[in-house]
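The values are calculated or read from the model by the stated rules, or taken from the named source; none is laboratory data. Fair warning: this is a prediction, and the values are worked out from it, not measured in the lab. Because the Cβ atoms are built from the backbone with ideal geometry, glycine has one as well, and the counts that use them run over all protein chains shown.
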Amino acid sequence: MCVSPLGVKWHRFLDRRFPIRSQMTWFKSKPRVSRAKRRSEQKHTARQVGKRLACDVMIYEPAMYALFFASMAIMEGGGWEDAKYRVNTLLLPTYLTGLTISPIIQSINFAFVPLIYRVPFGSSFDLFWDSYLSW
């Protein structure tokens, strides 16, 4: 319940911190723009997507995994000690496993999906990922 509002704030922060001049410049062709200008825009977009992805992978994802494991432990009737135990034992393996798919999805999300649809787009994949983690 608290993850979506946090996701919206996170994506707004990334948009402000690492702006992309025009969304979807990777595949949109503009006939009046020179090839060199278009290439420059594509390089800028790739750099900004990379910066967003690095921040997402290093800051947001570990925090969300910790929140997930701690909240699951508490909702299942465990206390803070159980929550700490789960975070300490499950966070790193889950994070490393998540690195196999998350960067691909988030790269698409940051490069092509408009800001207002980024959280629902990511959440559609998170539904399957969270089901896997809960199993």
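Take the residues of region 92-106 that are in contact (Cβ under 8 Å) with a residue 24 or more places away in the chain and out of contact with any Pro (no Cβ under 7 Å at 6 or more places or on another chain): which is farthest from Cys55 (Cα to Cα)? Spell out the reasoning first.
Residues of region 92-106 that are in contact (Cβ under 8 Å) with a residue 24 or more places away in the chain, as a first pass: 94-95, 98-99, 101-103, 106.
Still in the running and out of contact with any Pro (no Cβ under 7 Å at 6 or more places or on another chain): 94, 98-99, 101-103, 106.
Details: Thr94: 18, Gly98: 15, Leu99: 13, Ile101: 16, Ser102: 13, Pro103: 11, Gln106: 11 Å.
Of everything passing the filter in region 92-106, Thr94 is farthest from Cys55 (Cα to Cα).
Residue-by-condition table, conditions (1) surrounded by fewer than 16 Cβ atoms within 10 Å (Cβ to Cβ); (2) at pLDDT below 95; (3) hydrophobic (A, V, I, L, M, F, W, C):
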site	(1), (2), (3)
Met75	yes, yes, yes
Gly98	no, yes, no
Val113	no, yes, yes
Ile116	yes, yes, yes
Asp126	no, yes, no
Ser131	yes, yes, no
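Is it the case that region 21-42 has a residue that's at pLDDT 90 or above and among the small types (Gly, Ala, Ser)?
Residues of region 21-42 that are at pLDDT 90 or above, as a first pass: none.
No - not one qualifying residue is present in region 21-42.
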Lone unmet requirement of (1) more than 13 Å from the chain's Cα centre (by Cα); (2) closer than 17 Å to Leu6 by Cβ for Cys55: (1)
